[in-house]
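Below is one structure, written out as structure tokens; the observations come after it.
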Amino acid sequence: MQYDPTLIGALEPSQLAVATQRKLPRRRLGRGTVALLILLRVYVVIAIPIVGYAFVHALVAPQ
Amino acid sequence: MSDDAMRAGFAALPEATEEVITREDLLRARDRLQVLKARSAKRSLRLLWLLVGPGVLVMLGENDGPSMVSYATTGATYGVGFFVPFILLTFLMAFVVQEMTVRLGVATHRGHAELIFQRFGPFWGYFAMGDLVFGNVLTLVTEFIAVQAGGLYFGLPSWLSVAIGVVLVVCSLALRRYATWERVLMALAVFNLLFIPAALLAHPDGAALAHAVATWGPLPGGMGTAFFTLVLANIGATVTPWMIFFQQSAVVDKGLTRADLPDGRMDTAIGAILAAVAAIATVVATAPLFAAHADVSQFASGADFATALRPLIGTTGATLFALGIVEAGLVAAMTISISSSYSLAETVSARHSLNLDFAHGHLFYGVAIGSTLVAAAIVLIPGAPLLAMTLTVNVIATLLMAPALLFLLLLVNDREIMQDLANDWRANLAGGTIVIAIALVGAFYGLITVFPNLLGK
């Protein structure tokens, strides 16, 4: 595949693969945000086993 | 560019010299050149045609095997009533969510997984990826359940239809060009609309449909555990974590820029409308089973819906329904496996694009092929409870959606990376309402599962 400067001009510089490989800096999360993230993590940790229980219960329950 | 953006890593962009240009860049540039020509010639329809793709694919892709089975179960259990406007509402919700991913993609030119890792760090990144991988593997299994179920209707043995499905997924990866992959999948996704003629063959009552939309009723049987399971399954049939990851990465891979945002939104809206029509058509097509008091709890797979519908809507209608189920599974298997590829490659900073050749995309293509093979193998386990798995996967997808949406909202409000494309208060109100609603419905489902007598019988 031939390099063609005119063709590459169709891309914005920030779209080049080499540009997207540069990492963005970390963002500092506030206490409220961290609390929300933890709350939803707890929610998932509690909810998924309940779904698992419901799934198994439905399978073993007499029809 | 603002100072904040400069600090955020967009500064000192490289010169586009021959040394830094990759095959991926050249292929993307070729697609972009067509877009720029169409825009300068003010050919708006041509421009829209060139820019549609990620939105249509994500919406029709989410009308997948488990989703169509959820809609079929809904139609067979409740007929035409409450769930018709409810499905419209869920697709409106999907549009609100997916539009944010388009903005994130055009503003940052980065995928969702890499943004979470880079902005929030690996601790939260691995949680997000854990949710995604868990949900994607389960969902991919159910896509092959759909392919297998459709095959059974046509008399194909399970192993053969699953093997054909695997070969087609792998062949789609062999295209090694995003634009071609996207157009091939869009052509396949059109078959999702097969549920519309199937619905017409069920001779739907237009007045009943209009009444359902206007009144959100009837709701035969009231609000019990089965009702809330279907509410969750129908939400999970419309908004799931893989959609967020997929569309953002696809927008970046396609090369959409800020100038393309209106068409990116239009693409998402077109996809939502098409998918909503197909979903409601599925409810309508299976409504005769409700009228006939069919017991769908005994159905082993989506193929049983087609078989049970044959005496009610005819062989043609039932065949269209079975073909639709196969298409739903197949297109979703292709998009979900790529969603896993994008995200895992982004997580480990490996190259991630459908424009990569195999030599540079070992991990990217390997993840898609590996996850496809694992899912296909699980489906072939004898005696697996396939219909129960299918409905449960949608419920799990809904539960995983709340944390995924919070990450999305945090990113789309991050002004350092979004600048003027950050959420305004209306988008935050809509997004926040969706997170709270999904979390509450999920919590309520948990309560009625643990305390089944909470709502009576």
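Each of B:287, B:377, B:206 was placed along the dipole of chain B (beta-carbon charges, centred on the mean Cα), and the one lying farthest toward the positive end is B:206.
Inter-label distance, residue A:56 to residue B:315: 4.6 nm, where each label sits 7 Å from its Cα along the C-beta direction. Peptide A:37-46 has a mean of 5 when you count, residue by residue, the C-beta atoms of other protein chains within 10 Å of its C-beta. Look at B:258, B:30, A:28 and count the other Cβ atoms within 10 Å of each Cβ; fewest to most, that gives A:28, B:258, B:30.
Our coupling estimate for the range B:367-372, obtained by passing each phi through the Karplus curve with A = 6.51, B = -1.76, C = 1.60 and θ = phi - 60°, is 4, 5, 5, x, 5, 5 Hz, Gly and Pro reported as x. When the square roots of the Cα gyration tensor eigenvalues are ordered a ≥ b ≥ c, the ratio a/c for the range B:73-180 is 1.5 or more and a/b does not exceed b/c, which makes its shape oblate.
Extension gain for residue B:292 to residue B:20 (0.36 nm times residue separation, less C-alpha to C-alpha distance): 91.4 nm.
Summing +1 for each Lys or Arg and -1 for each Asp or Glu among the other residues whose beta-carbon sits under 11 angstrom from that of residue B:178 gives +2. For residue B:22, the residues whose modelled amide H falls within less than 5 Å of its own, excluding neighbours fewer than 5 places apart on the same chain, are A:17.
Once each of the chymotrypsin sites (Phe, Trp or Tyr not before Pro) sitting in a DSSP loop with at most 16 other beta-carbon atoms within 10 Å is removed, chain B keeps B:1-153 as its longest stretch. Modelled this way, with points 7 Å down the Cα-to-C-beta line, the labels at residue A:42 and residue B:163 are 5.2 nm from one another.
With a ≥ b ≥ c the root eigenvalues of the C-alpha gyration tensor of the range B:359-457, is it rounded (a/c under 1.5), prolate (a/b larger than b/c) or oblate? Verdict is oblate for the range B:359-457.
Over the protein assembly as shown, DSSP H runs of length four or greater, each weighted -39,500 (n - 2.57), average out per residue to a 222 nm ellipticity of -24500 deg cm²/dmol.
With axes computed from alpha carbons, what is the tilt in degrees of helix B:386-412 against the longest principal axis of chain B, rounded to the nearest 10 within 0 to 90? It is inclined by approximately 30 degrees.
Values quoted throughout were computed directly from the atomic coordinates according to the rules given, and no laboratory measurement underlies them. Predicted, not measured: the structure shown is a model, and the values here were computed from it. Using ideal geometry, Cβ is built from the backbone for each residue, glycine included, and neighbour counts are taken over all protein chains shown.
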